[in-house]
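The values are calculated or read from the model by the stated rules, or taken from the named source; none is laboratory data. Nothing here was measured: the structure is a model prediction, and the numbers come from that model. Positions of Cβ are backbone-derived with ideal geometry, glycine not excepted, and every protein chain shown enters the neighbour counts. Remember, those area values only see protein heavy atoms, side chains included, never the ligands or the DNA or RNA. Shrake-Rupley method; radii C 1.70, N 1.55, O 1.52, S 1.80 Å.
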Amino acid sequence: MKAKSNDLVELLVPGTEVREQLRLLVASEQFKGSKRCLAFLEYVVHQRLSNYGENLREKVIGVEAFGRNAGYDSNDDPVVRVTAGEVRKRLAQYYQHPKHAGELRVELVAGSYVPEFHLPQATVKAPPPLPEPRTLSPPRPPLRRPWIAVAILSSLVFAAGLAWRTGHLGGPSAFERFWEPSLSAHGPILLCTGQSRVYSIRKELAIEVESALDPRKTGRPAHNLPPGITLGPQDLIPAWDRYVPLGDAVSMANLAIFLERRHREYRVRGSADTRLTDLREGAAVLFGAFSNDWTLRMNKDLRFHLELAPNGRRYVLDREGPHGLQPWIGPLVNGPLEAEYNDYAILTRIFDKTTGYPVISIGGITHLGTQAGGEFLLSSAQMNEALAQAPPGWEAKNLQIVIATKVIGSSASPPQFLALHAW
């Protein structure tokens with residue numbers, strides 16, 4: 001009777017040894033921090049040991065291991081591909097340590113979801129050498145065309161390099177690896193939006209002020225109060241917890257759609273109502289800079305951070321610029337904004353030292369800078385291009401990316417990558 005492929009595995013690697021190795025992997029530092037990677041690894045190993053390896057397809061794993069609906073679109077929700085790539089990386093990290101050199105190896109070949117099991121090299125007996133074949137006639141001399149071999153080898157090297165650069169070797173893209181720590185973290189993701197420090201006017205003056213500022217009546221933009229109307233501190237009522245800058249809201253809404261497509265839970269809080277304990281409960285994304293104190297606190301001691309000059313000019317400062325302190329200067333915000341100006345935003349991702357949860361912030365000089373930064377954050381093409389300049393191992397490092405946008409009127413142009421720093 002013809003044995004199944006998995007029967008051959010059982011003959012060479014007993015299932016009891018595979019299950020023991022799985023126990024070691026599950027308890028290791030590489031895997032115990034990611035519930036999604038654990039769910040994937042345990043599912044595919046048990047399926048293979050149960051002779052169901054031929055059923056390890058992307059949509060089947062998505063439904064049975066991650067609880068997706070039977071009709072879910074794996075293109076919109078690449079949870080299986082992303083997790084498989086992360087599992088490959090964590091397995092490689094585990095077996096790189098010398099203390100694991102003598103252990104049974106569990107491998108997940110790129111492009112496949114079927115795990116392979118291999119005994120340690122030291123315990124594998126080499127097969128006996130095959131007898132030398134008898135030569136019935138003199139062998140033909142080899143072709144003396146080394147240039148053909150060189151050309152073929154060069155083509156293979158070029159193709160492999162191109163595939164590696166474009167992410168076609170079966171592993172997750174840089175964009176997916178950037179998001180993996182946040183998407184795999186425990187609990188819902190906190191979306192913390194900035195809140196403008198807006199003031200309401202005392203009711204007795206509100207009608208007079210609105211009439212004096214109405215462009216339909218005055219024929220001029222509603223920027224400054226006309227002579228004869230003065231407001232003092234007693235006339236202003238703080239309303240800091242009621243209004244969200246438009247660019248912050250657009251960025252948050254787009255990220256919410258991104259998370260919905262991946263069936264990822266999230267919760268929304270305003271920056272004025274967010275406490276430190278909220279940021280320590282799981283992954284978080286902060287929107288806005290000067291509208292969000294948490295963003296300013298997060299970036300204030302980092303290489304790239306935002307500053308407000310006494311004259312009202314806001315800018316992004318590079319503490320390690322090639323010529324000393326190098327700012328990217330934004331618009332004046334004390335009064336009407338210029339018709340055209342350059343806006344800038346900082347995208348930061350750091351890992352909390354005490355909890356290990358990632359926190360991402362995206363904050364612009366104005367709300368349109370934040371909106372452009374939010375667009376960059378969700379653009380796989382632009383993120384892949386920027387992260388190609390990151391040092392090896394950037395996935396586990398803190399990151400900062402500076403982007404720029406040209407604002408004309410009330411619209412921001414597509415974001416442009418300027419600089420990246422990882423540590």
**Selection from segment 23-58 of residues that are assigned to a helix (DSSP H, G or I), touching a helix residue (DSSP H, G or I) at 6+ places or on another chain (Cβ under 9 Å) and among the charged types (D, E, K, R)** = Arg36, Glu42, Arg48, Glu54, Glu58
**Prompt:** How many of the residues making up segment 378-393 are more than 21 Å from Leu317 (Cβ to Cβ) and open to solvent by less than 10 Å² (accessible area, probe 1.4 Å)?
**Reply:** 2
**Message:** Residues that are over 28 Å from Arg280 (Cα atoms), out of contact with any Ser or Thr (no Cβ under 7 Å at 6 or more places or on another chain) and either touching a residue at least 40 places away in the same chain (Cβ under 8 Å) or crowded, with 16+ Cβ neighbours inside 10 Å (or both): does segment 397-407 have at least one?
**Reply:** yes
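Per-residue answers, yes or no, for (1) small (Gly, Ala, Ser); (2) at pLDDT below 90:
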site: Arg36; (1), (2): no, no
site: Ser50; (1), (2): yes, yes
site: Glu54; (1), (2): no, yes
site: Ala70; (1), (2): yes, yes
**Message:** Quick check on segment 68-87: of everything there that is open to solvent by 40 Å² or more (accessible area, probe 1.4 Å) and in contact (Cβ under 8 Å) with a residue 24 or more places away in the chain, which residue is farthest from Pro120 (Cα to Cα)?
**Reply:** Asp76
**Request:** Mind listing just one residue for me: the one in segment 223-254 that is touching a strand residue (DSSP E or B) at 6+ places or on another chain (Cβ under 6 Å) and at pLDDT 90 or above and, of those, surrounded by the most Cβ atoms within 10 Å (Cβ to Cβ)?
**Result:** Ser251
**Request:** Please verify whether segment 51-64 includes one or more residues that are under 24 Å from Pro120 (Cα atoms) and not β-branched (Val, Ile, Thr).
**Result:** yes
**Asked** Pick from segment 326-359 the residues that are farther than 30 Å from His186 by Cβ and outside any strand (DSSP E or B): which of them is modelled with the highest pLDDT?
**Response** Ala339
**Request:** Considering (1) open to solvent by 30 Å² or more (accessible area, probe 1.4 Å); (2) among the hydrophobic types (A, V, I, L, M, F, W, C); (3) at pLDDT 85 or above, say which one Ala3 fails and leave the rest.
**Result:** (3)
**Request:** Filter segment 360-371 for residues that are open to solvent by less than 40 Å² (accessible area, probe 1.4 Å) and either in a helix (DSSP H, G or I) or at pLDDT below 95 (or both) and give the result.
**Result:** Gly363, Gly364, Ile365, Thr366, Leu368, Gly369, Thr370
**Message:** Can you find a residue that is farther than 20 Å from Pro415 by Cβ, in contact with a Ser or Thr (Cβ under 7 Å, 6 or more places away or on another chain), part of a helix (DSSP H, G or I) and open to solvent by less than 80 Å² (accessible area, probe 1.4 Å) anywhere in segment 259-271?
**Reply:** yes
**Asked** Among the numbered criteria (1) touching a strand residue (DSSP E or B) at 6+ places or on another chain (Cβ under 6 Å); (2) surrounded by fewer than 17 Cβ atoms within 10 Å (Cβ to Cβ); (3) of a type in the set (Val, Ile, Thr), which single criterion is violated by Thr16?
**Response** (1)
**Asked** Do we find that Gly321 is among the small types (Gly, Ala, Ser), under 22 Å from Phe417 (Cα atoms) and either modelled with pLDDT of 90 or more or under 26 Å from the mean Cα position of the chain (by Cα) (or both) in this structure?
**Response** yes
